[in-house]
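Written below as structure tokens is the structure these notes are about.
The values are calculated or read from the model by the stated rules, or taken from the named source; none is laboratory data. Source: prediction; values computed, not measured. A quick note on method: Cβ atoms are made from the backbone with ideal geometry, for glycine too, and the neighbour counts reach across all protein chains shown.
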Amino acid sequence: MEETQIELLGEEGELVHVKLSGRLDTTGTAHVDTKFIAMISPRGKHALVDMSDVSFLASMGIRMMVSVARTLARKQKKLVLYGPPSLVTDSIEDSGLTEMLSLVSSEKEARAQL
Amino acid sequence: MSQPTSLRLEVNVDEKDLRLLSSRLWEFLNRYTLPLKAIYNAELVLEEMVCNVLRYGRAERIVFTVTVDSGALWITITDNGVPFDPTAAPPAEIPDSAATASIGGLGIHMVKKAVDKMVYHRIGKENRLEIWIDTKAPSV
């Protein structure tokens, strides 16, 4: 199975842009959660997260994202996820957290959310 | 010779084994013409329900079995841990906003949304959970 990875795509003004890929199951989330939080939370900026190469999303992965969304919300900033495959979208929708996690289809739509 | 229609996985008490078990499950289910969504949801069941037992169940033995049946995947998870009926678990606490978010029971909630039927039995000193995932849906 593919390795879970995180990449900082860029930082611009009030925005940080990261990419997650692979499986966000218990093992994969544990592999990236410290980096994910460190890349986003301390900066106190809006965050865009490219989910286009995430192949699987379990509750641990969702909790990681909610944790960061919660930190950003307290600073009046947003976490916006974009581009996940349809099965991953279904996982997010089944969690009931689509409004909190701001899920959209494309990077363009994600930027428009901010 | 016909292919086996069941896969039995014995789970060691280590969450790190889940990745390997998911891989075996995926390889097994991909031998059949099944909707991708059904395979994905079977993996979700393995991940979430077995993880729950590993974390909270104090079980010494967990067995996950999946059978490819006509029109459905039939999954059974048995463990010798503390009694726990996930079908009776309270609904997940879905918060209204990220600022005050605290989520309990999310994994079970996601599984209940993803599967078509879930039945629990306590048999002697074992928990037995049976799950059905419809495979008649069109492929994704």
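Annotation: A:Q76 fulfils all but one of (1) at positive phi; (2) assigned to a helix (DSSP H, G or I); the unmet one is (2). What residue, among those in segment A:91-108 that are within 7 Å of chain B (Cβ to nearest Cβ) and part of a helix (DSSP H, G or I), is farthest from the chain's Cα centre (by Cα)? Looking at the filtered set, the residue picked out is A:D94.
Of everything listed in (1) part of a helix (DSSP H, G or I); (2) within 12 Å of the chain's Cα centre (by Cα); (3) over 26 Å from B:L46 (Cα atoms); (4) not aromatic (F, W, Y), the single unmet condition for A:T71 is (2). For segment A:53-67, the count of residues that are under 13 Å from A:V16 (Cβ atoms) and either modelled with pLDDT under 95 or outside any helix (DSSP H, G or I) (or both) is zero. Taken over segment A:103-114, the criterion of being free of Cβ contacts under 8 Å to residues at least 60 places away in the same chain and surrounded by fewer than 21 Cβ atoms within 10 Å (Cβ to Cβ) is satisfied by A:V104, A:S105, A:S106, A:E107, A:K108, A:E109, A:A112, A:Q113.
Reported count of residues in segment A:9-30, each being surrounded by 17 or more Cβ atoms within 10 Å (Cβ to Cβ) and either touching a Leu at 6+ places or on another chain (Cβ under 7 Å) or within 14 Å of chain B (Cβ to nearest Cβ) (or both), is 12. Does segment A:101-108 include one or more residues that are at pLDDT below 95 and within 20 Å of B:C51 (Cα to Cα)? No, because not a single residue in segment A:101-108 is at pLDDT below 95 and within 20 Å of B:C51 (Cα to Cα). Output the residues belonging to segment B:66-86 that are crowded, with 16+ Cβ neighbours inside 10 Å and outside any strand (DSSP E or B). The answer is B:N80, B:G81, B:F84, B:P86. Pick from segment A:47-56 the residues that are of a type in the set (A, V, I, L, M, F, W, C) and more than 9 Å from every other protein chain (Cβ to nearest Cβ): which of them is nearest to the chain's Cα centre (by Cα)? Ranking the qualifying residues of segment A:47-56, first place goes to A:V49. Applying the selection to segment A:36-46, what residues are without any contact (Cβ under 8 Å) to a residue 60 or more places away in the chain, surrounded by 21 or more Cβ atoms within 10 Å (Cβ to Cβ) and within 14 Å of another protein chain (Cβ to nearest Cβ)? Hit for segment A:36-46 is A:I40, nothing else.
I'd like to know if segment B:30-48 contains one or more residues that are in contact with a Gly (Cβ under 7 Å, 6 or more places away or on another chain), buried (at least 19 other Cβ atoms within 10 Å of the Cβ), within 14 Å of chain A (Cβ to nearest Cβ) and not hydroxyl-bearing (S, T, Y).
Going residue by residue through segment B:30-48, those that are in contact with a Gly (Cβ under 7 Å, 6 or more places away or on another chain) are B:48.
After this cut, where a residue has to be buried (at least 19 other Cβ atoms within 10 Å of the Cβ) as well, the list is B:48.
Next, from what is left, pick out any that are within 14 Å of chain A (Cβ to nearest Cβ): B:48.
When the remaining residues are screened for being not hydroxyl-bearing (S, T, Y), the result is B:48.
Yes: segment B:30-48 contains one or more residues that are in contact with a Gly (Cβ under 7 Å, 6 or more places away or on another chain), buried (at least 19 other Cβ atoms within 10 Å of the Cβ), within 14 Å of chain A (Cβ to nearest Cβ) and not hydroxyl-bearing (S, T, Y).
Residues of segment B:3-29 that are away from chain A (no Cβ under 13 Å) and within 30 Å of B:Y56 (Cα to Cα): B:S6, B:L7, B:R8, B:L9, B:E10, B:N12, B:V13, B:F28, B:L29.
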